[in-house]
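Enquirer: So that we are looking at the same thing, I have put the structure below in structure tokens.
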Amino acid sequence: MNPGNVTVQDAATGAIQATIPGAMGTLGVVLSDDGSRLYIANSGNTQNPRNQGTGPGIVQVVDARTNTVTASIETDRGGGRLTLSPDGRTLFGAMYEGRNVTFIDTASNAITAKVPVPGQPGGRVAVSPDGGTLYVGDSYAGGVQVVSVAERRVVKSVETGCTSNSDLTLNPSGSRLYITGCMYPGSLGIVDTGTMASHTIPLTGAPGAVAFSPDGGKAYVVDSSENGHVLVLDAATETVAATFPVGRNPTGIVVTRDGSALFIVHGGSAVSRVDLVENGRQAFSDVPAGAPFFHEISWLSNSGISTGYPDGSFRPLESVQRDAMAAFLFRNAGSPAWFVPPAVSPFKDLGPGDMFYKEITWLAGQGITTGYDDGTFRPRAPVSREAMAAFLYRYATTLAGAPAYAAPPTAPFTDVRPGDAFHREVSWAAAAGITTGYPDGIFRPRAAVSREATAAFLYRLTNPDKPMPR
């Protein structure tokens, strides 16, 4: 068996309050409008070729006040993506292997109907605001089946132009149906529910989920690629108004009822909160919206690369220390769990009990730092701008697949000359778009790097094709 767990977290603090064990092949959850009941969908399929699940699908009913399972409803195996009717009286589930949409009465927890649906109804189910119409996604063909709730039958099949779909989301008025998972490179399918006309719009990355602002004016589209972003789509013009980072591998998104925040679900079941401040997140008390490098610093926080200081500040103008730089790069690499720090330090001024010992020794083990000629690392010393260029160049060529770079005969900055230490690395950083230097054409190689500039350098290294809004 391969049960999944549902984690209950405090929305304000992120603290885990409870863990509810699923049945087998947990797919997702739906919360009742009053917050009293949670419905957990379990497919009965482990997706494990060595341990195939053979049980039926199960919908678990959870008392959200006590976090206890109060009922288990047996459905067809392969079920089911769930949604609730607006009045909360009926739970709808798309049953993949049963090829149907199952209607469940929430008062009695009894199945009241199974409506046959063509294709592979394993995608999401969306219900119109009046509760009269269901939209059922075909996981493989990409179409949408329109089901009349009153007649309990499919009344229309809609070709969407998508080859598959992973999520269906109606805007608040129910006039547009948004379809993600269409293809890669990404696009977003949109169906006019009045005429059933459909079209697609191209988007960057891999659109994976959609949520709307309460007024329906903005669609927040998750780019579920490794270094994930949220694209803010103007719903009227169908154009991207802004893009901001939200951390690695986002898979789902929820907007709070007042529209002030997003909750992002990441691969591995992590959940992060993004407070919306002009399409960004004020992650630190001393970095308000509009501050220099606000978006890059927000990305640093959302990605888990920096947690800031215990008082909630980031201190953007302070110099970044060498030990903190090691921690940033280690986390940017995904905090490799395989790395075991050595029992004997490679540096004379660093011991196994020191802060960031693991991160610094990892940096040395990857060849990203060699330390100083006297055998020290000098962890509390500030990182110079030329050393930063060297760290990033070695990181890129060692871990990120960047090709080796030949230093040009003419340097891009007037104060960095051929033959200078790190001439190649500084020239590479300029050529890669990681640094532009200062307006007067100099780089200031020996100046200390500020923490805000470090955020910008790391963002540009990691996301070269996604410039931040200015």
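Enquirer: Identify all residues within region 208-224 that are in contact (Cβ under 8 Å) with a residue 24 or more places away in the chain and farther than 15 Å from Val265 by Cβ; write none if there are none.
Expert: Phe212, Ser213, Pro214, Asp215, Gly216, Ala219
Enquirer: Could you check region 296-323 and list, in sequence order, the residues that are open to solvent by 10 Å² or more (accessible area, probe 1.4 Å) and aromatic (Phe, Trp, Tyr)?
Expert: Result: Tyr309, single match.
Enquirer: Now a separate question. For the structure I just gave you, tell me whether Val155 is assigned to a strand (DSSP E or B) and either open to solvent by 40 Å² or more (accessible area, probe 1.4 Å) or among the aromatic types (Phe, Trp, Tyr) (or both).
Expert: yes
Enquirer: Follow-up question, since we're still on this one. Check Phe339 against each of (1) more than 22 Å from Pro245 (Cβ to Cβ); (2) open to solvent by less than 40 Å² (accessible area, probe 1.4 Å); (3) modelled with pLDDT of 95 or more and name the one condition it does not meet.
Expert: Exception for Phe339: condition (3).
Enquirer: With the structure loaded, tell me whether Ala326 is more than 30 Å from Leu233 (Cα to Cα) and in contact with a helix residue (DSSP H, G or I) (Cβ under 9 Å, 6 or more places away or on another chain) or whether it fails that test.
Expert: yes
Enquirer: Within region 236-246, which residues are touching a Gly at 6+ places or on another chain (Cβ under 9 Å), under 19 Å from Gly186 (Cα atoms) and surrounded by fewer than 21 Cβ atoms within 10 Å (Cβ to Cβ)?
Expert: Passing the criteria: only Ala242.
Enquirer: For region 169-197, how many residues are within 25 Å of Leu84 (Cα to Cα) and at pLDDT below 90?
Expert: 6
Enquirer: Looking at region 84-99, which of the residues that are surrounded by fewer than 22 Cβ atoms within 10 Å (Cβ to Cβ) and not small (Gly, Ala, Ser) is nearest to the chain's Cα centre (by Cα)?
Expert: This residue is Leu84.
Enquirer: Out of region 403-431, which residues are within 17 Å of Phe457 (Cβ to Cβ) and assigned to a loop (DSSP other than H, G, I, E, B)?
Expert: Tyr405, Pro412, Phe413, Val416, Phe422
Enquirer: Would you confirm whether or not region 115-131 contains a residue that is open to solvent by 40 Å² or more (accessible area, probe 1.4 Å) and closer than 17 Å to Asn42 by Cβ?
Expert: yes
Enquirer: How many residues, within region 346-378, are of a type in the set (Ser, Thr, Tyr) and open to solvent by less than 30 Å² (accessible area, probe 1.4 Å)?
Expert: 4
Enquirer: Residues to consider are Ala390, Ala381, Ala404, Ala431; find the one that is closer than 25 Å to Pro464 by Cα, of a type in the set (A, V, I, L, M, F, W, C) and either open to solvent by less than 30 Å² (accessible area, probe 1.4 Å) or in contact (Cβ under 8 Å) with a residue 60 or more places away in the chain (or both). Please lay out each step first, then the result.
Expert: Numbers: Ala381 fails: closer than 25 Å to Pro464 by Cα; Ala404 fails: either open to solvent by less than 30 Å² (accessible area, probe 1.4 Å) or in contact (Cβ under 8 Å) with a residue 60 or more places away in the chain (or both); Ala431 fails: either open to solvent by less than 30 Å² (accessible area, probe 1.4 Å) or in contact (Cβ under 8 Å) with a residue 60 or more places away in the chain (or both).
When all the criteria are applied, what remains is Ala390.
Enquirer: With the requirement that a residue be among the polar types (S, T, N, Q) and either in contact (Cβ under 8 Å) with a residue 40 or more places away in the chain or assigned to a strand (DSSP E or B) (or both), what does region 356-378 give you?
Expert: Taking region 356-378 first, the residues among the polar types (S, T, N, Q) are 361, 366, 369-370, 376.
If the condition is that a residue be among the polar types (S, T, N, Q) and either in contact (Cβ under 8 Å) with a residue 40 or more places away in the chain or assigned to a strand (DSSP E or B) (or both), then Thr369 is the only one that fits.
Quick grid of which residues meet (1) free of Cβ contacts under 8 Å to residues at least 12 places away in the same chain; (2) in a loop (DSSP other than H, G, I, E, B):
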| site | (1), (2) |
| --- | --- |
| Pro292 | no, yes |
| Thr307 | yes, yes |
| Phe328 | no, no |
| Pro336 | no, yes |
| Ala343 | yes, yes |
| Pro346 | no, yes |
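Enquirer: Further question: At pLDDT 80 or above, under 25 Å from Ala270 (Cα atoms) and of a type outside the set (A, V, I, L, M): does that describe Ser36?
Expert: yes
Residues are listed down the side, and each one gets a yes or a no for (1) within 17 Å of the chain's Cα centre (by Cα); (2) of a type outside the set (A, V, I, L, M, F, W, C); (3) open to solvent by 10 Å² or more (accessible area, probe 1.4 Å):
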| residue | (1), (2), (3) |
| --- | --- |
| Ser173 | no, yes, yes |
| Ser198 | no, yes, yes |
| Thr204 | yes, yes, yes |
| Gly217 | no, yes, yes |
| Glu226 | yes, yes, yes |
| Val230 | yes, no, no |
| Pro250 | yes, yes, no |
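Enquirer: Does Ala241 qualify as being at pLDDT 75 or above, of a type in the set (Gly, Ala, Ser) and touching an Asp or Glu at 6+ places or on another chain (Cβ under 7 Å)?
Expert: Criteria met by Ala241.
The values are calculated or read from the model by the stated rules, or taken from the named source; none is laboratory data. Every value quoted in this text rests on a predicted model; they were computed, and no experiment measured them. Ideal geometry is used to build each Cβ from the backbone, glycine not excepted, and the neighbour counts take in all protein chains shown. Accessible surface areas use protein heavy atoms only, side chains included; no ligands, DNA or RNA. Shrake-Rupley method; radii C 1.70, N 1.55, O 1.52, S 1.80 Å.
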